[in-house]
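Undergrad: Take this structure first; my questions come after.
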């Protein structure tokens, strides 16, 4: 629903809020509140309302974004008890959150800009998980087989976010809960591509949890038409937004091939003899839609060829995203419409 069609609702909320605030200042109203709530009843009422607002918007309070991101990184780096297996390289990690009143815009749904803060938290968990072993081994000197210019480069190994995009499919209502499914999409000689899907809470039910084996499989819900939510053909109905991000690995100023880090993290099947680092076969943009993602089999038959097939399938999508970097050359500086401040 557009902002124009909601002007009546917005005006009604503002009018009601102003009326309640005005009524609380009237002597008769204050006397009534004092009679029933005590001498400090009015003061306590406002304090309780302020506390309620703070609790509803807890994740938006100053400093809480840092707590949420650092908690994800620290837990995955130091407290995650189970190692990830190569066959689960493309499996998603799920984080959950909700749309706070602070995140809600004048259209009364989640503001586009606030998606990125929640995606930061989801990717902090995920990236902390998949690279914790690889970066630790590299920084401790496990550089066997790396080029000489890499081993001689100064500085520590680290990862940095290169870019991010977000496609909005359905609106998220005030206080509505949602889940973010984040996983590796693909990688090439420079970038590791990560895809995140923001979906309706509880609509997609994994059959198992590789890093949390104590979680039991949950029965899938029945949709309005009798179909099971989470079936492959119905997933698009429960996706609120889709995001693609790309990461680069560095040693000082030297760029490191993502596959080096993934191998050091023990997330790749055994490399066949004679197979070098990417590019082996680079993806090229095309109009063809890649085949839907498939979940690897539950047995231990996940091979290098299986991994490479999935990497190349995802790379067909990633190259379209990568091509958008050409937009940096579209800045026009000779003539502008005007210049305006943020507040005045």
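Undergrad: Which distance in nm do the two modelled labels at residue 139 and residue 169 give, with both placed 7 Å along the Cα-to-Cβ direction?
TA: Rounded to a tenth, the inter-label distance reads 3.6 nm.
Undergrad: If you don't mind, there's one more thing I want to ask. Relative contact order of the stretch 83-194: what whole-number percent is it, with Cα pairs under 8 angstrom and at least 6 residues apart?
TA: Relative contact order here is 50 percent.
Undergrad: Related question: Going by a ≥ b ≥ c, the root eigenvalues of the Cα gyration tensor, does the stretch 130-193 fall in the rounded group (a/c under 1.5), the prolate group (a/b larger than b/c) or the oblate group?
TA: prolate
Undergrad: I'd like to compare 245-252, 117-124: which one has the highest average count of other Cβ atoms within 10 Å, and what's the full order after that?
TA: Ranking the peptides 245-252, 117-124 by packing returns 117-124, 245-252.
Undergrad: What length, rounded to one decimal in nm, is gained on full extension from residue 332 through to residue 74, with 0.36 nm per residue of separation minus their alpha-carbon distance?
TA: Value of the extension gain: 88.6 nm.
Undergrad: Starting from the 7 Å offset along Cα-to-Cβ, what nm value, one decimal, do you get for the label separation of residue 177 and residue 55?
TA: Each label point is offset 7 Å from its Cα along the Cβ direction, giving 1.7 nm.
Undergrad: Hey, fewest Cβ within 10 Å first, where do 343, 126, 98 land in order?
TA: Least crowded to most crowded, the residues run 343, 98, 126.
Undergrad: Roughly how many nanometres apart are two label points built 7 Å out from the Cα toward the Cβ at residue 273 and residue 65?
TA: 5.3 nm
Undergrad: Mind sorting 172, 73 by how few other Cβ atoms lie within 10 Å of their own Cβ, fewest first?
TA: In increasing order of surrounding Cβ atoms, one gets 73, 172.
Bear in mind these aren't lab numbers, they're just calculated from the coordinates by the rules spelled out. The shown structure was predicted, so the numbers you read here are calculated from the model rather than taken from an experiment. Cβ sites come from the backbone with ideal geometry, for glycine too, and all protein chains shown count toward neighbours.
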